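Right, I'll just put the structure down here and ask away after.
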Amino acid sequence: MADIIQLLPDHVANQIAAGEVVQRPASVVKELLENAIDAKAETIKLLVKDAGKTLVQVIDDGVGMSVTDARLSFERHATSKIRSAEDLFQLDTKGFRGEALASIAAIAHVELKTKQAQDEVGTTITIEGSEIVDQDVVVTPTGTSIAVKHLFFNIPARRNFLKSNTVETRHIIDEFQRVALAHPGISFVMYHNGSEVFNLPHSNYRQRIVNIFGPKTNEKLVPVNEDTDVLKISGFVGKPEYAKKSRGEQFFFVNHRFIKSAYLNHAITAAFEGLIKEGTHASYFLNLEVNPQTIDINIHPTKTEIKFDDEHTLYAILRASVKHSLGQFNIAPVLDFDHDANLDTPYDYSSKSASTPTIEVDRTFNPFNSEKSAPSRPSTPSSYSGRKDPPTAGWESLYVGMESKGTKSKSDFSEIQFESVESTASLFDESQMATKQATYQLQNKYVLSTIKSGMLVIDQNRAHQRILYEDFLKYITGKDTVSQQLLFPLQIQLSKQEHDIVLNLKSDLEYAGFVFQNIEEHMVEIIGLPINVPESEVSIILEQLISDVEHEVPDANFSAADLLAKSLSKSLAIKSGQSLTQTEQDHLVNSLFACKEPNVSPNNKPTFITMTVDELDKKFM
Ligand code: ADP
Ligand code: MG
């Protein structure tokens, strides 16, 4: 048989390599920004069009390239940054693989302009899919400009795989922020579709953080500084009370390179233990400096994961210094977690003796009587919107089966109940006796209720999400907005991106019941809220909403109204752990079964399960 192995032509090899290096427009942004930094630029400009799908351009004032270098820079394994494998352990540059430009040029239209300081004129090169289509001399300032257009023009599958502009822009901004945070001494600007997104003058680290995340960030920051033989730490952690529901503001830089490390992240979490609520995340912006010989950054093509020689020591030092900073700035003692407030006796009660609680029993009470509309607690987020619609066929179907069996009538049922009460009376004393009630709350999490065929177990959080979701959706899409007027306008500080998201969703938010008086760069002023949104929760709800938009936007069939309704209902629904009064439980059950789709939460998870008497019987066999 003839030989069958062939060497891949360069452009094919480049395309394959591109698959690793360039996943999306944001990868191009990262590589180009890093090259500009390696070229010792002092000012770097990023221009993006259509979330990078049409254009990503980086313009720097760095050292530039000679004609030959300009040409060579697009070859694979062409790098000025290392000469031998040993150099890998002395790296002070971002790049070293010499792969980025070759990969990008294989899958896009690239236009390079570059000039070195000592030269009169520069070089321009145009490449399309690894092929040089033009090279010329050009008048251009010292430095380099690389424009990457029509990414994945020759790989439609990859192009189609790209997410919505919102998501891709989010990724670009993430990369931009990481690079900008790692280099506060360099000034950066970013434009998207011609409008300025960031303008970051060269500054110190604190100012850089504030310029990126908005003025209110300043008061949140607690400095962390530590200098040991193996590790130098500098930077900031966010005060515990500002912990966020999203993980947005967590940054580690190792030798000025952004890295992801679940292990080191855990060290921070451990330092914050007991200081922040479960489910929230502390912010941090930490620069770690280690001897380059003790790390290996070569393990991942995009170089965001690195291997440390001695992770355990780093973990311990990191945790200790964050703890130390929190203590030093008097943050820890404010919260006393060993103290259990439940054990406190209020002064008024200390002299009184305890009395046995009494239970009122209403034997005529019918849990599924829809006429009984319970009042809600308007001051808490758990309050419902006062739904009055009668339950529809949705819930009645639950009972259909048993009606037709018709073996037990209502009176049979109460007779049995009665008998059982009498028979247990001799075994237990009065106070412990089970009483017949409409619903029963289990572990402050589930609401149990009886149905004719057996038992209903409702997840209180999911059920309430469903109820609120349908309410919000009705307001948003039905456009019959209801809102509560605020006495004083509420000002909420926003970062630039948060501001953009709010602006994008403005009309949907207004239909949901928000009334904006003013939307400025770093602040929104709100004068009206949806009726079920308490004023104290507004900033948390907006934060959650923004984070949902940023991270959870499903691309197919994305609807702003749906996302908004989901996010608001998630934020506002009663949580598990919250105890509900009898009337609240009843109201929850009734409102749930008045919904269009009572059996699933807005995210398609079951809201309740049923257990029939037959099933119970089987368990007792
Ligand atoms: P690497 O960064 O790993 O060396 P790249 O493919 O990103 O590989 O770049 C190849 C080479 O092109 C670099 O080593 C550098 O010499 C040159 N180069 C790339 N971008 C610039 C720039 N903005 N300014 C000056 N030189 C650059
Ligand atoms: Mg590079």
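The values are calculated or read from the model by the stated rules, or taken from the named source; none is laboratory data. The structure displayed is predicted, hence computed values, not measured ones. Cβ atoms come from the backbone with ideal geometry, glycine included; neighbour counts cover every protein chain shown. Side chains included, ligands, DNA and RNA excluded: accessible areas come from the protein's heavy atoms. Shrake-Rupley method; radii C 1.70, N 1.55, O 1.52, S 1.80 Å.
To keep it simple, each residue is scored yes or no on (1) under 17 Å from ALA561 (Cβ atoms); (2) within 22 Å of the chain's Cα centre (by Cα); (3) of a type in the set (A, V, I, L, M, F, W, C).
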site: THR450; (1), (2), (3): no, no, no
site: LEU468; (1), (2), (3): yes, yes, yes
site: ILE519; (1), (2), (3): no, no, yes
site: ASN532; (1), (2), (3): yes, no, no
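Cβ-Cβ distance below 6 Å, separation of 6 or more or different chains: which pairs start in segment 13-35 with a residue that is assigned by TED's automatic domain parsing to the domain that holds HIS109 and end on one that is near ligand 2 (Cβ under 9 Å from one of its atoms) and charged (D, E, K, R)?
Going by the 6 Å Cβ cut-off, the qualifying pairs are ALA17/GLU99; VAL21/GLU99; GLU34/LYS94.
Further question: Take ILE59 and decide whether it is touching a Gly at 6+ places or on another chain (Cβ under 9 Å), open to solvent by 10 Å² or more (accessible area, probe 1.4 Å) and within 19 Å of LYS115 (Cβ to Cβ). Don't jump to the end; show me each part of the working.
Details: touching a Gly at 6+ places or on another chain (Cβ under 9 Å): yes; open to solvent by 10 Å² or more (accessible area, probe 1.4 Å): yes; within 19 Å of LYS115 (Cβ to Cβ): yes.
Criteria met by ILE59.
Oh, and also: Taking the criterion of being in contact with a Ser or Thr (Cβ under 9 Å, 6 or more places away or on another chain), under 25 Å from TYR191 (Cα atoms), without any contact (Cβ under 8 Å) to a residue 60 or more places away in the chain and open to solvent by less than 50 Å² (accessible area, probe 1.4 Å), would at least one residue in segment 519-527 satisfy it?
No, segment 519-527 contains no residue that is in contact with a Ser or Thr (Cβ under 9 Å, 6 or more places away or on another chain), under 25 Å from TYR191 (Cα atoms), without any contact (Cβ under 8 Å) to a residue 60 or more places away in the chain and open to solvent by less than 50 Å² (accessible area, probe 1.4 Å).
Let me ask something else. Among the residues of segment 597-621, write down those that are polar (S, T, N, Q), out of contact with any helix residue (DSSP H, G or I) (no Cβ under 6 Å at 6 or more places or on another chain) and surrounded by 12 or more Cβ atoms within 10 Å (Cβ to Cβ).
Correct list: ASN599, ASN603, THR610, THR612.
Which of the residues that make up segment 100-129 are away from ligand 2 (no atom under 15 Å from the Cβ), among the β-branched types (Val, Ile, Thr) and modelled with pLDDT of 95 or more?
Scanning segment 100-129 gives VAL121, THR123, THR124, ILE125, THR126, ILE127.
Related question: Quick check on ASP586: is it within 17 Å of TYR469 (Cα to Cα) and part of a helix (DSSP H, G or I)?
On the way: within 17 Å of TYR469 (Cα to Cα): no; part of a helix (DSSP H, G or I): yes.
No: the conditions fail for ASP586.
Separate question: Against the condition out of contact with any Phe, Trp or Tyr (no Cβ under 9 Å at 6 or more places or on another chain), without any contact (Cβ under 8 Å) to a residue 12 or more places away in the chain and not aliphatic (A, V, I, L, M), how does SER103 come out, does it pass?
Numbers: out of contact with any Phe, Trp or Tyr (no Cβ under 9 Å at 6 or more places or on another chain): yes; without any contact (Cβ under 8 Å) to a residue 12 or more places away in the chain: no; not aliphatic (A, V, I, L, M): yes.
So SER103 fails the test.
If a residue has to be surrounded by 21 or more Cβ atoms within 10 Å (Cβ to Cβ), more than 16 Å from ligand 2 (Cβ to nearest atom) and of a type in the set (Asp, Glu) to count, how many in segment 26-51 make the cut?
Matching residues across segment 26-51 total 0.
Here's something else I'd like to know. Within the group ILE297, ILE268, ILE212, which residue is more than 28 Å from GLY52 (Cβ to Cβ) and β-branched (Val, Ile, Thr)? So that I can check it myself, show each step before the final result.
Values: ILE297 fails: more than 28 Å from GLY52 (Cβ to Cβ); ILE212 fails: more than 28 Å from GLY52 (Cβ to Cβ).
Step by step, each of ILE297, ILE268, ILE212 is checked, and only ILE268 is more than 28 Å from GLY52 (Cβ to Cβ) and β-branched (Val, Ile, Thr).
Another one. Residue by residue through segment 96-130, note down the ones that are near ligand 1 (Cβ under 8 Å from one of its atoms), in contact with a Leu (Cβ under 9 Å, 6 or more places away or on another chain) and in a loop (DSSP other than H, G, I, E, B).
PHE96
Hey, can you tell me all the residues within segment 77-95 that are within 8 Å of ligand 1 (Cβ to nearest atom), among the small types (Gly, Ala, Ser) and surrounded by fewer than 19 Cβ atoms within 10 Å (Cβ to Cβ)?
Matches in segment 77-95: ALA78, SER80.
I would also like to ask the following. Of everything in segment 494-513, what is surrounded by 16 or more Cβ atoms within 10 Å (Cβ to Cβ) and among the polar types (S, T, N, Q)? Give them in sequence order.
Let us first name the residues in segment 494-513 that are surrounded by 16 or more Cβ atoms within 10 Å (Cβ to Cβ), namely 494-502, 505, 508-513.
Within segment 494-513, SER495, GLN497 meet the criteria.
For segment 14-25, name all the residues that are surrounded by fewer than 23 Cβ atoms within 10 Å (Cβ to Cβ) and away from ligand 1 (no atom under 14 Å from the Cβ).
Across segment 14-25, the qualifying residues are GLN15, ILE16, GLY19, GLN23, ARG24.
Right, another one. Tell me, please, whether a residue that is more than 13 Å from ligand 2 (Cβ to nearest atom), assigned by TED's automatic domain parsing to the domain that holds ILE59 and of a type in the set (A, V, I, L, M) can be found in segment 70-83.
Yes - at least one qualifying residue is present in segment 70-83.
Please go through segment 308-325 and give me each residue that is among the basic types (Lys, Arg) and outside any helix (DSSP H, G or I), ordered by number. Spell out the reasoning first.
The initial filter retains those residues of segment 308-325 that are among the basic types (Lys, Arg), namely 319, 323.
Matches in segment 308-325: none.
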